[in-house]
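K.L.:
Questions regarding the structure given below will be posed in turn.
The values are calculated or read from the model by the stated rules, or taken from the named source; none is laboratory data. Treat the numbers as computed from the prediction; the structure is a model and nothing was measured. All Cβ positions, glycine included, derive from the backbone under ideal geometry; neighbour counts span all protein chains shown.
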Amino acid sequence: MRIDLLRLPGVGLCHAFTTRGGGRVGVILLHSGQRVLALYRLDDPQAVDRAVTLDADEAHQLADLLRPTVTVERAPLGRSGADVARLTVPPGSPADGVPVSAAEAGGARVVALIRDGRLIGWPAPDAALRTGDTVVAVGEPDGIAALAELLELA
């Protein structure tokens, strides 16, 4: 699935995709930390038909219900604009078996893995990613996008 990323100056980031059934869905990550779940009109994929605003906790709960592949949060890392992302290695990902050091090639730093319900902080560079792992990474938005692309999530 292709997820389009659109920067909304002064607002945040919008991730949107078209479902196999032709519906268009977007998640707008506001600088305030809130998320807006947007459903676009079928006759105009640029026009929002309905929207629901979620706070960070509500967004996490919904994401857990939907078995997310990517959750990106604005991190309070000063003025750096860095993001913290949780990315799940999906079945069939080309990253299955790839060492953590290769996953960091896009500029995002892997700070933890969650594997089988256990947290592995600062995994060794040669630790191999596995299907089902949740990768916790920190980086600029472009680095996070590159890591998501490696995992075939974007």
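K.L.:
Just name the residue that is modelled with the lowest pLDDT out of those in the stretch 64-79 that are loosely packed, with under 15 Cβ neighbours inside 10 Å and closer than 14 Å to Thr134 by Cβ. Can you show your working first?
P.N.:
Residues of the stretch 64-79 that are loosely packed, with under 15 Cβ neighbours inside 10 Å, as a first pass: 64-67, 75-79.
From the residues that got through so far, the ones that are closer than 14 Å to Thr134 by Cβ too are 64, 67.
Numbers: Asp64: 68, Arg67: 64.
My answer is Arg67.
K.L.:
Say we look at the stretch 1-45 and pick out the residues that are under 25 Å from Pro91 (Cβ atoms) and in contact (Cβ under 8 Å) with a residue 60 or more places away in the chain; which of these is surrounded by the fewest Cβ atoms within 10 Å (Cβ to Cβ)?
P.N.:
Here the residue is Arg2.
K.L.:
Name the residues in the stretch 105-154 that are of a type in the set (D, E, K, R) and under 15 Å from the mean Cα position of the chain (by Cα), would you?
P.N.:
Arg109, Asp133, Glu140, Asp142, Glu149, Glu152
K.L.:
Going through the stretch 1-57 one residue at a time, which ones are under 19 Å from Pro141 (Cα atoms), assigned to a loop (DSSP other than H, G, I, E, B) and under 18 Å from the mean Cα position of the chain (by Cα)?
P.N.:
Quick first cut of the stretch 1-57, residues under 19 Å from Pro141 (Cα atoms) only: 2-17, 26-36, 56.
From the residues that got through so far, the ones that are assigned to a loop (DSSP other than H, G, I, E, B) too are 2-3, 9-11, 31-34.
Once the filter is applied, which keeps residues that are under 19 Å from Pro141 (Cα atoms), assigned to a loop (DSSP other than H, G, I, E, B) and under 18 Å from the mean Cα position of the chain (by Cα), the stretch 1-57 yields Arg2, Ile3, Val11, His31, Ser32, Gly33, Gln34.
K.L.:
Follow-up. Starting from residues that are charged (D, E, K, R) and closer than 16 Å to Ala85 by Cβ, keep the ones in the stretch 97-120 and report whichever is modelled with the highest pLDDT.
P.N.:
Quick first cut of the stretch 97-120, residues charged (D, E, K, R) only: 104, 109, 115-116, 118.
Cutting the leftovers down to closer than 16 Å to Ala85 by Cβ gives us 104, 109.
Details: Glu104: 86, Arg109: 93.
Step by step, filter the stretch 97-120, then rank; the result is Arg109.
K.L.:
Okay, moving on. Given the condition within 18 Å of His15 (Cβ to Cβ) and surrounded by fewer than 17 Cβ atoms within 10 Å (Cβ to Cβ), answer yes or no: does some residue in the stretch 80-88 qualify? Give the steps one after another, and end with the answer.
P.N.:
First, the residues of the stretch 80-88 that are within 18 Å of His15 (Cβ to Cβ): 81-88.
Next, from what is left, pick out any that are surrounded by fewer than 17 Cβ atoms within 10 Å (Cβ to Cβ): 81.
The answer is yes, given that some residue of the stretch 80-88 is within 18 Å of His15 (Cβ to Cβ) and surrounded by fewer than 17 Cβ atoms within 10 Å (Cβ to Cβ).
K.L.:
Step by step: first the residues of the stretch 92-143, then only those that are in a loop (DSSP other than H, G, I, E, B) and of a type in the set (A, V, I, L, M, F, W, C), then the one that is surrounded by the fewest Cβ atoms within 10 Å (Cβ to Cβ). Which residue is that? Don't jump to the end; show me each part of the working.
P.N.:
Taking the stretch 92-143 as the starting set, the residues that turn out to be in a loop (DSSP other than H, G, I, E, B) are 92-98, 107-108, 116-117, 122-127, 129-133, 140.
Now restrict to residues that are of a type in the set (A, V, I, L, M, F, W, C): 95, 98, 108, 122, 124, 127, 129.
Working: Ala95: 23, Val98: 17, Ala108: 27, Trp122: 12, Ala124: 10, Ala127: 17, Leu129: 24.
Ranking the candidates gives Ala124 first.
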